[in-house]
Amino acid sequence: MMEEETKEEVIENESGELEDLRRYIEDFTSFLPLAFCMVNPLDYILDCNHAFRDVSGYEKMETIGRNIDFLFKDKDKGKIEMFSTRVANKDSVVEEEVTLVTKGKKEIPVRISALSRKDDEGNFSGYFLTISDITETKRFEEELERKIKERTKELQKAKEKLEESEKVLEVRIMARTQELEEINEKLEEKVKERTREIEKKAEELEKKAEEMRQTQTALLNLAEDTDKASKDAEKEKEKTLAVIKNFVDGLILFDLNKKVSLINPETEKMFGIKLKDVIGKSVKELKSFPALDPFVDLVGEELKEIFREEIATEKGAFLEVTTIPVKDVGTLVNIHDITREKGIEKIKSEFVSVAAHQLRTPLSGIKWTLQTILEEEDSAEIPEEIMSFIRKAYEANDRMVNLVNDLLNVTRIEEGRYIYEPEETDLMEIVDPVIEAYKDHIRKKQIEFEVQKPAEKLPKVKVDREKITMVVQNFLDNAMKYTKEGKIIFKVESINGKVKVSTTDTGVGIPDDQQKRMFNKFFRAANVQRMDTEGSGLGLFIAKNVVEAHGGKVGFTSKIGEGSTFYFTLPANKEEIDSFFEAF
């Protein structure tokens, strides 16, 4: 329902903008003597000015909504159709000479000119059309042609008369040859002078016609620019109002010179500052406000790119900071108050820790009891049906124990209590036992398993063996669970001073719209939730934190229905390893 209402509001807004544009064009063109109208993409008239009505004889309401070709002679309608097609496919002014039929059935020769209109996406949305009465121009051309023909006839008659006179008065012609030549020269001079006058007049008319065409083009361009400027101004106004008045997060806008040009009321509340005190100040100058110290230390004087970095204020609040470069404007800083979320997260972590510890003891007792029964299966003479239930209970209890351990590990990671005991070792000493443990299980699922080891010995890495073993197990476990058939490739290699471990499968893959959340706590993709697989959504979260705690990186590539490749890298350069663990 909300989507339908939004569409109706958009339609109403667009109709309102169109009506505003019509009124603007009508006001703008009402005083011009040039006939002007606006036509939609289907060649129907949307609006026209007074001059248009004077030329055509039709009232405004008699033209709006009608196809433009009703104004012209039937023999010109093919021209009009081709004219409309040329306008739609051309960005410059298109012209044509046709015959206009007025409401009183009077035929007038006219020149029509048009320029296409485009929407914000560059699509054809109609065109502006002007109509110029060229009756006088045509009349002048015809009169000019008539006079030239008359003059030509006169000269021809004079020539014929001279020829006749030559036969009758040959002697007199000889006597008056000089006189006639002078007369002829004067006559030719007068013809030339008259021709020059006519050419000059023609040039003046052509110049006026060109000026009129330029005026038409300027008018059409102005109308198009006004349309676009109106839309752009309205959008900018809406954006500014939305940012300043309705945004619930704190906002600080730095201009291209990295000076404060805007802060919103929420920012004033967060830091206890006023816009008038900080406007025009650089990042360095903001250090004079103690409340802004953590913020300035985070972004630096160069306003570096930051995505969801956290800072704590002197009032004990927690803020999440993100910088967003804005082209041709500057840098926008978004500040989100996460104090409440931090409190809830702390309470949740404490609850999970207490609950996990309380569950651990009884679960261990259940596991020990069930394990004892399973070990005494042969001598206890327990029926197979009951033993089947006991095995299932043992497996379910084991999954509960693993889940409790994962919850405790997540809590320790979040509280900074996850202890690492790194030692320098060959990574293959960790990887080989894990591969051997998974080989038989993968083959039982009838999945091809390929291990690709480096040809040369790997450089040593400094890791906590137990924690990295858990990461490798997690990658292999996921590849096995979500691959029903096909192949799993486990690869270890050395690249640019780093050791890289990857698993590639032909499993279900991960939907594109869910890939950003793969390393979030408790997240499982929608397509694997529908499969018959167990999982808490904590394995990849723990793996990512373990690898990053060793100075490495975790990543993946995936395509839905074709499989995934998960990988992690560890630094193998001794200086890089030592500097990282010293800082850690």
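The values are calculated or read from the model by the stated rules, or taken from the named source; none is laboratory data. This one's a predicted model, so the numbers in the text were calculated from it and none came from an experiment. Cβ: placed from backbone, ideal geometry, glycine included. Neighbour counts: every protein chain shown. Just so you know, the surface numbers come from the protein's heavy atoms only, side chains and all, with ligands and any DNA or RNA stripped out. Shrake-Rupley method; radii C 1.70, N 1.55, O 1.52, S 1.80 Å.
Criterion first (open to solvent by 50 Å² or more (accessible area, probe 1.4 Å), within 23 Å of Asn257 (Cα to Cα) and not polar (S, T, N, Q)) does Pro325 satisfy it? Even if it seems obvious, please write down each step before you answer.
On the way: open to solvent by 50 Å² or more (accessible area, probe 1.4 Å): yes; within 23 Å of Asn257 (Cα to Cα): yes; not polar (S, T, N, Q): yes.
For Pro325, the condition - open to solvent by 50 Å² or more (accessible area, probe 1.4 Å), within 23 Å of Asn257 (Cα to Cα) and not polar (S, T, N, Q) - is met.
With under 18 Å from Glu224 (Cβ atoms) and either modelled with pLDDT of 90 or more or charged (D, E, K, R) (or both) as the only criterion, which of Glu107, Glu179, Glu121 stands out? Full working, then the answer.
Numbers: Glu107 fails: under 18 Å from Glu224 (Cβ atoms); Glu179 fails: under 18 Å from Glu224 (Cβ atoms).
Of the residues listed, the single one that is under 18 Å from Glu224 (Cβ atoms) and either modelled with pLDDT of 90 or more or charged (D, E, K, R) (or both) is Glu121.
For residues in segment 427-466 being closer than 16 Å to Lys500 by Cα and in contact with a Lys or Arg (Cβ under 6 Å, 6 or more places away or on another chain), which is least open to solvent (accessible area, probe 1.4 Å)?
The selected residue is Ile430.
Got a sec? Which strands (runs of 3 or more DSSP E) wholly within segment 439-522 have at least 1 residues that are free of Cβ contacts under 8 Å to residues at least 12 places away in the same chain and within 23 Å of Val546 (Cβ to Cβ)? Please lay out each step first, then the result.
Values: elements: 448-452, 461-463, 487-495, 498-505.
Per the criteria, no element qualifies.
Return yes or no: is Asp69 at pLDDT below 90 and in a helix (DSSP H, G or I)?
Details: at pLDDT below 90: yes; in a helix (DSSP H, G or I): yes.
Taking the combined requirement at face value, the residue satisfies it.
Please find, among Ile45, Ile68, the residue that is touching a helix residue (DSSP H, G or I) at 6+ places or on another chain (Cβ under 9 Å) and free of Cβ contacts under 8 Å to residues at least 60 places away in the same chain.
Working: Ile68 fails: free of Cβ contacts under 8 Å to residues at least 60 places away in the same chain.
Ile45 is the lone residue from the list that is touching a helix residue (DSSP H, G or I) at 6+ places or on another chain (Cβ under 9 Å) and free of Cβ contacts under 8 Å to residues at least 60 places away in the same chain.
Before we move on, is Val98 open to solvent by less than 80 Å² (accessible area, probe 1.4 Å), touching a helix residue (DSSP H, G or I) at 6+ places or on another chain (Cβ under 6 Å) and either of a type in the set (Asp, Glu) or closer than 20 Å to Lys79 by Cβ (or both)?
Working: open to solvent by less than 80 Å² (accessible area, probe 1.4 Å): yes; touching a helix residue (DSSP H, G or I) at 6+ places or on another chain (Cβ under 6 Å): yes; either of a type in the set (Asp, Glu) or closer than 20 Å to Lys79 by Cβ (or both): yes.
Judged against the criteria, Val98 is a match.
Collect the residues in segment 177-212 that are under 26 Å from Glu142 (Cβ atoms) and open to solvent by 100 Å² or more (accessible area, probe 1.4 Å), keeping them in residue-number order.
Step one: of segment 177-212, the residues under 26 Å from Glu142 (Cβ atoms) are 187-188, 190-212.
Matches in segment 177-212: Lys190, Lys192, Arg194, Arg196, Glu199, Lys200, Glu203, Glu206, Lys207, Lys208.
Checking the structure you have, find out if any residue of segment 246-255 is open to solvent by 70 Å² or more (accessible area, probe 1.4 Å), without any contact (Cβ under 8 Å) to a residue 12 or more places away in the chain, outside any loop (DSSP other than H, G, I, E, B) and more than 29 Å from Arg117 (Cβ to Cβ). Give the steps one after another, and end with the answer.
Taking segment 246-255 first, the residues open to solvent by 70 Å² or more (accessible area, probe 1.4 Å) are 246-248.
Then drop every residue that is not without any contact (Cβ under 8 Å) to a residue 12 or more places away in the chain, which leaves 246.
Add one more test, that the residue is outside any loop (DSSP other than H, G, I, E, B), and what stays is 246.
Narrowing the set further to residues that are more than 29 Å from Arg117 (Cβ to Cβ) leaves 246.
Yes, segment 246-255 has at least one match.
Which residues, taken from segment 165-176, are open to solvent by 90 Å² or more (accessible area, probe 1.4 Å) and within 21 Å of Glu188 (Cβ to Cβ)?
Kept after step one, since they are open to solvent by 90 Å² or more (accessible area, probe 1.4 Å), are these residues of segment 165-176: 166-168, 170-172, 174, 176.
Glu166, Arg176, listed by residue number.
Could you go through segment 259-273 and let me know if any residue there is over 21 Å from Glu320 (Cα atoms) and open to solvent by 90 Å² or more (accessible area, probe 1.4 Å).
Among the residues of segment 259-273, not one is over 21 Å from Glu320 (Cα atoms) and open to solvent by 90 Å² or more (accessible area, probe 1.4 Å), which makes the answer no.
So Glu534 passes all but one of these: (1) touching a helix residue (DSSP H, G or I) at 6+ places or on another chain (Cβ under 8 Å); (2) crowded, with 17+ Cβ neighbours inside 10 Å; (3) modelled with pLDDT under 90. Which condition number does it fail?
Status for Glu534: all satisfied but (2).
Quick check: anything in segment 514-527 more than 21 Å from Thr557 (Cβ to Cβ) and surrounded by fewer than 20 Cβ atoms within 10 Å (Cβ to Cβ)? Break it down into steps so the answer makes sense when it comes.
Our first condition is that a residue be more than 21 Å from Thr557 (Cβ to Cβ); within segment 514-527, this holds for 521-522.
So of that shortlist, the ones also surrounded by fewer than 20 Cβ atoms within 10 Å (Cβ to Cβ) come out as 521-522.
Among the residues of segment 514-527, at least one is more than 21 Å from Thr557 (Cβ to Cβ) and surrounded by fewer than 20 Cβ atoms within 10 Å (Cβ to Cβ), which makes the answer yes.
Looking at segment 149-165, I want the residues that are at negative phi and have a partner that is part of a helix (DSSP H, G or I) with Cβ atoms under 7 Å, at least 6 apart or on another chain. Which pairs are those?
Note: pairs meeting the criteria are Ser165/Ile173.
If you go through segment 48-65, how many residues are free of Cβ contacts under 8 Å to residues at least 24 places away in the same chain, open to solvent by less than 50 Å² (accessible area, probe 1.4 Å) and assigned to a helix (DSSP H, G or I)?
Qualifying residue count, segment 48-65: 3.
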